[in-house]
Amino acid sequence: QDKVAKIGVLAPLTGGAAADGAEMVNGARLAVDEINAAGGVAGYKLEVVVGDTQDQAADSVTSAFERLAGDRDVNAIVTGYASGSNFEIELMAEQEMPYLISANSAQTRDIIAPSPDDFPTVWSITPSYDAYETEMVPVIDELASSGKLKLPNKKVALISSDNPYSKTIMEGLKKNFEAAGWTVTSSDLLPFGEISDWRAFLAGVRQDAPALIINTDYLPGNAAKFMTQFLEEPTDSLVFIQYAPSVPEFLDLTKDQATGVVYNLLGGVLNTPKNPRAAEVVKKYEDKYGNQPGTYGPALYEQVYLYADALEKVGDPTKRLEIGEALGASEKQIAAGMLKFDPETHLAVQGNDGIPIQFYQIWDGERVLFYPGSYATGEFQMPPWMQ
Amino acid sequence: MSDAENALDVVELRAGYDAYDVLQGISIHVGPGERVGLFGPNGHGKTTLLNAISKIIPQRRGEVRFLGEPLGGLSAKQIVERGLIHVAQANHLFPDMEILETLELAAYTRRAHSQRAKNLDYVLKLFPRLAERRRQQCKTLSGGERQMLSIGVGLMCAPRMLMLDEPTLGLSPKLKDELAAAIDEISSQRMPLLLVEQDITFVLSLVDRMYLVDHGEIIREIDRRSGVDHDEIMDMYFGGHEAR
Amino acid sequence: MTADTLSAILVSGIVLGSVYALMASGLSLVWSTLGIFNFAHGVLMTLGAYVAWTVSDAAGLGLWIGAGVAVGIAAVIGVGILMERLVVRPFYDNRDILLITVMTTLAVMIFLEKGIQLVWGARLKQLTPIAPGQVDFLGTTISAQEMLIIVVAPILMVALGAFLRWSRIGRGIRAVGQNANAARLIGIGVSQLFVVTFALSAALAALTGILLGSVRLLTPTFGAEPLVKALIIVIFGGLGSLGGTVAASYLIGILEAALIFVIGIYWAPSMIFVLLIVVLLFRPQGLFGKVVR
Amino acid sequence: MTAFGSPVKLAAIAVLLVVALAVPLVVEDTYVRHLFIIAFIYAIVAASWDLSLGYAGIFNFGHVAFFGIGVYATGLSAKLLGVDPWLAMVIGGLGASVAAALIALPVVRLQGVYVVLVTFAFSQLVLQVVISQSEVTGGTQGLVRVPTIELFGYNFLRDYKFGYYYVALAILVVSTIAMRWIVRSDFGLSLKALRDNEDYGLSRGIPIGLQRLKVLVVSAFFAGVAGGLFAIYLRVASPEVFGFSTLSLILSMVLVGGTSSIYGPIFAALALTFFSEGLASVEGLAEGRYMIIAAAMIVVLLFLPKGFASAFSGRSGLRRVRLRRASGTGAEVR
Amino acid sequence: MAATDASPVLLEVRNVTRRFGELVAVDDVSFTVTEGQVFGIAGPNGSGKSTLFNVITGIPFPPSSGAVLLRGEEIQRLRPHQISRAGILRTFQKDAEFYTLTAFENVYTSAVYCGGAVGADARRDSMQALEDVALADDRRDRPVSELSVFERKQLMIASAIAGRPKVLLLDEPAAGLTRPEVTQLADLIRTVHRRGITIVLIEHVLPLLLSVSEHLMVLNQGAVIASGTPKDVVRMPQVVEAYLGKREVSH
Ligand SMILES: Nc1ncnc2c1ncn2[C@@H]1O[C@H](COP(=O)(O)OP(=O)(O)OP(=O)(O)O)[C@@H](O)[C@H]1O
Ligand SMILES: Nc1ncnc2c1ncn2[C@@H]1O[C@H](COP(=O)(O)OP(=O)(O)OP(=O)(O)O)[C@@H](O)[C@H]1O
Ligand SMILES: [Mg+2]
Ligand SMILES: [Mg+2]
């Protein structure tokens, strides 16, 4: 009779983010089933228990956490994201609960960086988002200088919705573009949530006809609308949309309208022949659940494996501090790249030999990875409306 | 006692609110073309009786027949279609509707609809005030005007029998007289009438026969032709505590 | 301001207004006649759109969109009728019917919303437009589906208004809401009309959902934002008047479009709220409500 | 009607109180204690909402905003201004009261459902302000690491929620007593009177505007304090508190509990919290559980249209059978 | 206790008009009520009697123009509850009560908010008022919704008395009552009057109106068409024509 080590999964199963939540649970289950089929770890069978974070309100998250933590057999918790603020990190630290998290790495860093030693069990498999702000200009420059991208001018229009993720990126981009000598023609902020009408913004854009339009709002529905309305009267501009095009249904919603759109990802699945792990995970997921995963399915899958490795090393799930330590020492090729943690921030290390930033262009329903060159699966092309 | 000829037969009817019966098995009848009064102190079940007959509240036990047909299985709507019309006590009608609209709406059943124009003329002639104010909303009417409209609405329903619940409530003396004359005229065309009223003079001027109600039961039946006058009735009822 | 921007604002305002009119009129129908605020109105929209999607989308049955529209509306009418039976009728004669039905319809909303999530999942979906392509309207390009909404909304509103004002049943519906017992006494079948009203309102909800489902994206909470907008418009327009509701819809639609242009999309909704409060300070009975005391 | 201090009721409440005091001694499970704390907080919000919604008949849809203002006023003053967290909770209450006074300006002039619009618009405005002032409030991300309370050096953080349980219970008991006192006072009577008939109330000298203003301010204070406790206990202030799910959750506590009752919403808050969390631990019921809860709420209202409160107060949905009917015969009245 | 011509004026209505759009419901009406008087008002349906009460009390609306004076001070600009507190209390033609409160609480509320009494005083005042109307038995603890028509009318008057009125405006208190009840009501009005409360009475039930009023004013179409002692007024042709009809009036 095997002993049981339960892994808590915090996931928004109901509410607006339920699609993400389902994927998180699926990813974790996939890994747990596999590990158990292979005989478990260190004499333990793994088991998933789910805590529903609902709309991610503080009390829902805390209740879900307390329910998981109240179970003696739960000695680790994994999640894509549990709350907008990541406040639960402190609860984890108080109980010395091993906690692996994916999104909101800026919040994670803000909480952990001032005193990393207080959070020995909390680790983020997503790197710092700084690269979102810093990498854009060099990549565009490279495309332009290689002649793949012909820019009519050096103007950029930025738009973001009012959430910390999008807003921070937009502000960072603005600074970097200006420093590089670009003219930022607009940098509007929209309320966060569903936006069905982008026409007011697009009307302004059409007047300036900037070479580059960057939308950092990350909701896929909004992004789909944005593309549709942009294409009603397109301008000679490269369109970049943050994160949203990486979500599987973005392609279903926009169909051929998405061809030519550029996006980038940090900590997303690095699906390229150079990183076979990614293809393997994605395939397993598709085989089991019948649909393509986004970011969170593979992320949770990897988190469970990281935990299993740590458990293997320590041998006893109740030795939480040791498990936390083992987690922090991980060095592993995962679906998103090469994972190792920065002891100062507890975030994954970013970079081409760590978790790289990936630039994609959508082309005929395919996602073409064109940067960094070392991982590239194809070439950037001028979008159809610019040709 | 009852026969198929009767306009209305109520046999051993029980009805009430919530858990208790107000009507403890009441029996009355209205003969063909007969005018019958119901008289009794406040709160003793007269309104409840009319409500139960017209199915505003359920009939719990007993039977009600209109023109020989049992009403047990019918809905309030079907009863109105048969022509048994109940003009409710202090009815506030439809607050946001205009007078004319209300009257037109009142001819809702198919049968009433076909007589709409004629009845409307009659009502507006009977109550010229309603004609003057045809565009005024019901909720702004004065007490008496609202009472006129309630009666008018009853008439618009093309009644074959009328049940009036305190029709003179809040009417001026002159209008009361006019209303009595009008009711007299309507019912003299052999339209049976069941009249609930506290103004004993008014009742006596109109009915052929009356029932005295007390605690949800009939305690006495009086035939007008036997020549009682209102002081006697008052005596019967209130044991000498007569108004001056 | 150029003629171009003016027309863009106007067109976008008319589109918004038409959508609002469709949403609000169904809500207002039940509210202003029966005195019941149907919190589930938004989720009925969602349901109609999802059913239509299942029937017409390639991932579902893949039938013609017309079949989707028909089945969607029919299904939602059925749900509307069921709702009336189960969560409204038992409280007819209750003095607190307004508050109780707030609760019961809220419960129905939660029930259906979670049910939709269970059945269809949380991923975004989009309906095929009934009218594909784009058209030019007042010098601005919009999708043909939006044009369809612009055309359909006023036609439906006029029809509904005429129905309520002039038809026997329409007048009966209004009467029932104001005084059910008085309505019974003139031969109106009160429960039948409650059902008719709910069915009509459900049909409007479904149609709105289907029209909107190809302009916006479907999620289980698709109907929530429209519900809030409709709530605001119905009250603002002045209770008990369909005309007021429709006028308020277009007014707020155009105002919103103009505000988005002038102060941006970020503060426009708040500005509208501020304006609403200010207007109510001066017209406590709503914009088009009549003062009667 | 409330049975004024009936001994049975008093005894029942005393027993409940003793049980409530004993819970943490028996229940060591942190999770259950946590649920109690959350239920206590919502109970205060629901019961205080009933002051304006049930007793005064004001269609106030902004009560959750008062709660949210309490959350933020407390969170901000404790974290940014370094106010002692105990005091910060009071500031939360006061902040909510000030907001209520502001919103009362239009509300007292409006009739019936128009109040819904203004109060709802108000809560959306507050939300918008909170989100837009992200330098201060943390915007959509929220405000984390709100300081926690301390009492004579007692550490509330690693005691398995023992301390917070009693703090929440104490605040609940004190506010329940205060609210019961209010509704049974002359002021409470005048609120019910106005709800029944405004014009008649005016004709008996009751100042409508002033009473409404007072009840909004007072009920907001309780909601604000509850919000303060919420922020301090969870150590975070985030904008979801203004959201529709919070609104519908607490509204269902009020309505299922029974309007015009203080105890009803409190019991409903406990029942709903534990019922929904109980279902949450059943495998595979993530979405399904809300459907069950929704259906259960409808069933409760079908059998108890006046909510839980009517089940406790002898006066259930069924009216007392009156043996003596309303008198009115000439013989009786003399 | 009847008022004499020498009694000081308590309530004065001066050129009061109330319009509803085209309609002039109260048309330039002026009259005075002296201290201790029982002042009757009659008139056909819709002649503006209730509207007159409305504009005097400000519930629910003030006059379009004109002034209302209580003991020589203009009050038409006060807020409605202040007018009530100043001593003008009214009853309503349609049912009006706090229907979820008990009879006692109905009266008590008035004693507190209008009469300005507190605590034990308010309770004593309320009990006294209930005794005055003969409702002080166990019916006082019943919710109003369980009281009969007549009991509600008694209660309405009790709650007015508890508010310590200077002048009491009664709008058709006898509507729907049986004769013995009307008699009782007349006695009740006399009792209240003896307490020194001035009364203005609108009534269509003539035996009541004529037996208690000292002065009678008749309105028609919003305007005063007659004013004087009841005996004189009921004989005036315009009154017979507009209001009484062919009816014989015995007094
Ligand atoms: N809707 C109701 N719910 C509960 N009880 C009621 C209701 N309506 C009337 N009653 C009670 O039923 C009894 C009979 O009332 P009903 O109205 O039938 O009397 P009535 O003889 O018509 O008197 P009135 O002269 O006052 O109209 C009364 O005791 C009354 O309180
Ligand atoms: N808000 C209003 N809008 C329009 N007309 C109104 C309004 N209120 C009252 N009226 C009209 O003003 C006139 C006077 O009404 P009022 O209620 O004063 O009559 P009344 O003399 O009390 O009659 P009754 O004896 O029938 O009660 C009536 O014709 C009435 O219809
Ligand atoms: Mg009656
Ligand atoms: Mg009147």
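A Förster radius of 35 Å combined with the Cβ-Cβ distance from E:Arg14 to C:Ile155 puts the calculated FRET efficiency at roughly 0.05.
When only the Cβ of Lys, Arg, Asp and Glu is charged (+1, +1, -1, -1), the dipole of the protein assembly as shown relative to its Cα centre reaches about 3900 debye. Here the stretch C:87-209 is treated with +1 on each Lys and Arg Cβ and -1 on each Asp and Glu Cβ, and its dipole about the Cα centre works out to around 380 debye. When only alpha carbons are used to place a centre, the stretch E:66-87 and the stretch E:122-197 end up 24 Å from one another. Fraction of C-alpha pairs exceeding 31 angstrom in chain A: 35 percent, rounded to a whole number.
In order along the stretch E:170-180, phi translates into HN-Hα couplings of 10, 9, 6, x, 8, 4, x, 9, 6, 4, x Hz, rounded to whole numbers, per the Karplus curve 6.51 cos²θ - 1.76 cosθ + 1.60 with θ = phi - 60° and x for Gly and Pro. Per-residue mean of foreign Cβ neighbours for C:61-68 is 0 (Cβ atoms of other chains, 10 Å radius). Here the spin labels are modelled as points 7 Å beyond Cα on the Cα-Cβ line, and at A:Lys313 and E:Gln128 they lie 8.9 nm apart. Between the residues C:Ile254, C:Thr141, C:Ser32, the greatest Cα displacement towards the positive end of the dipole of the stretch C:3-282, with unit charges on the Cβ of Lys, Arg, Asp and Glu, is found for C:Ser32.
Starting from the Cα of A:Lys3, draw a straight line to each of the aspartates and glutamates and keep only those under 15 Å, dropping any in the same chain fewer than 8 residues away. Within reach: A:Glu47, A:Asp71, A:Asp73, A:Glu312, A:Asp316. Remark: relative contact order (the stretch E:155-213) = 45 percent; criterion is Cα-Cα distance under 8 angstrom and separation of 6 or more residues. Each Lys and Arg adds +1 at its Cβ and each Asp and Glu adds -1 at its Cβ; summed about the Cα centre, the stretch D:7-327 shows a dipole of about 1320 debye.
Leaving out ligands and nucleic acids, and using a 1.4 Å probe, what accessible area per residue does the protein assembly as shown come to in Å²? Write down the numbers at each step before the final one.
Numbers: 53370 Å² over 1509 residues.
Averaged over the residues of the protein assembly as shown, the accessible area is 35 Å².
Work out, step by step, the length gained on full extension between D:Leu17 and D:Ile177: first 0.36 nm times the residue separation, then minus their alpha carbon distance; give nm to one decimal. Mind showing how you got there, number by number?
Values: separation 160, 0.36 × 160 = 57.60 nm, distance 1.22 nm.
Stretched fully, the D:Leu17-D:Ile177 segment lengthens by 56.4 nm.
What 222 nm value per residue comes from the helices of chain C, counting each DSSP H run with n ≥ 4 as -39,500 (n - 2.57) and dividing by all residues, nearest 500 deg cm²/dmol?
Working: 11 runs with 206 residues, N = 293.
Theoretical 222 nm ellipticity from helices: -24000 deg cm²/dmol.
Applying a threshold of 23 Å to the alpha-carbon distances of B:Lys77/B:Lys176; B:Lys46/E:Lys94; A:Lys225/A:Lys284; C:Lys114/C:Lys229 flags B:Lys77/B:Lys176; A:Lys225/A:Lys284 as lying beyond it.
What FRET efficiency comes out for C:Asp136 versus A:Asp256 if R0 is 30 angstrom and r is the Cβ-Cβ distance? Round to the nearest 0.05. That pair, C:Asp136 with A:Asp256, gives E of 0.85.
Divided by 2.2 N^0.38 Å, where N counts the residues, the Cα radius of gyration of chain D comes to 1.05. Only Cα pairs under 8 Å and 6+ residues apart enter the sum, and on that basis the relative contact order of the stretch E:97-164 stands at 50 percent. The Kirkwood hydrodynamic radius of the stretch C:110-221, based on inverse pair distances between different Cα atoms, is 16.9 Å. Database remark: amide H of E:Ala42 closer than 5 angstrom to the amide H of E:Met217, E:Val218, E:Leu219 (H placed geometrically; neighbours at sequence offset of 5 or more, or on other chains; Pro and chain starts carry no H). Taking all protein chains as they are arranged and a probe of 1.4 Å, the heavy atoms of B:Tyr17 leave approximately 80 Å² accessible to solvent. Residues whose amide H lies under 5 Å from that of A:Ile357, counting only those 5 or more places away or on a different chain, are A:Gly351; hydrogens are built 1.01 Å from N in the peptide plane. Element breakdown for the protein assembly as shown at a 1.4 angstrom probe: carbon and sulfur atoms account for 58% of the accessible area.
Couplings 3J(HN,Hα) of the stretch C:261-275, computed from phi: 5, 6, 10, x, 5, 5, 9, 4, x, 5, 4, 4, 4, 4, 4 Hz, in residue order, whole Hz [Karplus 6.51 cos²θ - 1.76 cosθ + 1.60, θ = phi - 60°; x for Gly and Pro]. Taking the Kirkwood radius as Rh and the Cα radius of gyration as Rg, chain E has a ratio of Rg/Rh equal to 0.96. Pick from D:Val108, D:Val183, D:Val15 the residue whose mean-square fluctuation is largest in a GNM of chain D, springs joining Cα atoms under 10 Å. Of D:Val108, D:Val183, D:Val15, the Gaussian network model singles out D:Val15 as fluctuating most.
Per-residue accessible area (protein heavy atoms, 1.4 Å probe) orders B:His215, E:His215, C:His41 as B:His215, E:His215, C:His41, starting from the largest. Per-residue ellipticity at 222 nm from helix content only, as computed over chain E with -39500 (n - 2.57) for each DSSP H run of at least four residues, stands at -9500 deg cm²/dmol.
Heavy atoms only, 1.4 Å probe, whole protein assembly: order B:Lys176, A:Lys283 by accessible area, highest first. Mind showing how you got there, number by number?
Numbers: B:Lys176 25, A:Lys283 115 Å².
Ranking B:Lys176, A:Lys283 by accessible area, largest first, yields A:Lys283, B:Lys176.
Where both bridge residues fall in the protein assembly as shown, DSSP classifies roughly 50% of the beta bridges as antiparallel. Computed 3J(HN,Hα) for the stretch B:183-196, one whole-Hz value per residue from the Karplus formula 6.51 cos²θ - 1.76 cosθ + 1.60 where θ = phi - 60°, is 4, 4, 5, 4, 7, 5, 7, 6, 8, x, 9, 10, 10, 9, glycine and proline marked x. Here is the interface size for C with D: some 3800 Å² of accessible area buried, both sides summed, with a 1.4 Å probe.
Loop-only check: which trypsin sites (Lys or Arg not before Pro) in the stretch A:122-192 are DSSP coil with at most 15 other Cβ within 10 angstrom? Mind dumping the intermediate values first?
Values: sites: A:Lys148, A:Lys150, A:Lys154, A:Lys155, A:Lys167, A:Lys174, A:Lys175; in loops: A:Lys148, A:Lys150, A:Lys154.
Taking the stretch A:122-192 and a limit of 15 other Cβ atoms within 10 Å, the loop trypsin sites (Lys or Arg not before Pro) found are A:Lys148, A:Lys150, A:Lys154.
Between chains D and A, what is the buried accessible area summed over both chains (1.4 Å probe, protein heavy atoms, nearest 100 Å²)? Please list the in-between numbers first.
Numbers: alone 17440 and 15110 Å², together 29840 Å².
Interface area, both chains combined: 2700 Å², rounded to the nearest 100.
Using a Gaussian network model of chain C in which every pair of alpha carbons under 10 angstrom is joined by a spring, one finds that among C:Met23, C:Met45, C:Met83 the greatest mean-square fluctuation is at C:Met83. Taking C:Thr141, C:Thr105, C:Thr46 as the candidate residues, the one with maximal mean-square fluctuation in a Gaussian network model of chain C, Cα springs under 10 Å, is C:Thr141.
If you average 1/r over all unlike Cα pairs in the protein assembly as shown and invert the result, what Kirkwood radius do you get in angstrom? Don't jump to the answer; show the numbers that get you there.
Details: mean 1/r = 0.0278 Å⁻¹.
By the Kirkwood definition, the hydrodynamic radius is 35.9 Å.
Between amide H atoms placed 1.01 Å from N, distances below 5 Å from A:Gln333 occur with A:Leu339, all of them 5 or more places distant or on a separate chain.
Rounded to the nearest 500, what is chain B's calculated 222 nm mean residue ellipticity when only DSSP H runs of at least 4 contribute -39500 (n - 2.57) each, over all residues? Each step should come with its number before you reach the end.
Working: 10 runs with 90 residues, N = 244.
It comes out at -10500 deg cm²/dmol, rounded to the nearest 500.
The contact between chain B and chain D removes approximately 1000 Å² from the accessible area (both sides summed; 1.4 Å probe; ligands, DNA and RNA excluded).
Taking D:Phe267, D:Phe66, D:Phe222 and ordering them by how much accessible surface each has at a 1.4 Å probe, largest first, produces D:Phe267, D:Phe222, D:Phe66.
Would you please name the GluC sites (Glu not before Pro) within the stretch E:97-206 that are DSSP coil residues with at most 16 other C-beta atoms within 10 Å of their C-beta? Don't skip to the end; give the middle numbers.
Working: sites: E:Glu97, E:Glu105, E:Glu131, E:Glu146, E:Glu151, E:Glu181, E:Glu203; in loops: E:Glu97, E:Glu203.
Within the stretch E:97-206, no GluC sites (Glu not before Pro) qualify (loop, at most 16 other Cβ atoms within 10 Å).
What is the Cα centroid distance between the stretch E:91-119 and the stretch C:202-228, reported in whole angstrom? Taking the Cα centre of the stretch C:202-228 as reference, the centre of the stretch E:91-119 is 49 Å away.
Across peptide C:88-97, the mean count of Cβ atoms from other chains lying within 10 Å of each residue's own Cβ comes to 3.
The values are calculated or read from the model by the stated rules, or taken from the named source; none is laboratory data. Bear in mind the structure is a predicted one, so any value in this text is a computation, not a measurement. Here Cβ is always computed from backbone atoms with ideal geometry, including for glycine, and neighbour counts include all displayed protein chains. Note: accessible area is taken over every heavy atom of the protein model, side chains too, but ligands, DNA and RNA are not part of it. Shrake-Rupley method; radii C 1.70, N 1.55, O 1.52, S 1.80 Å.
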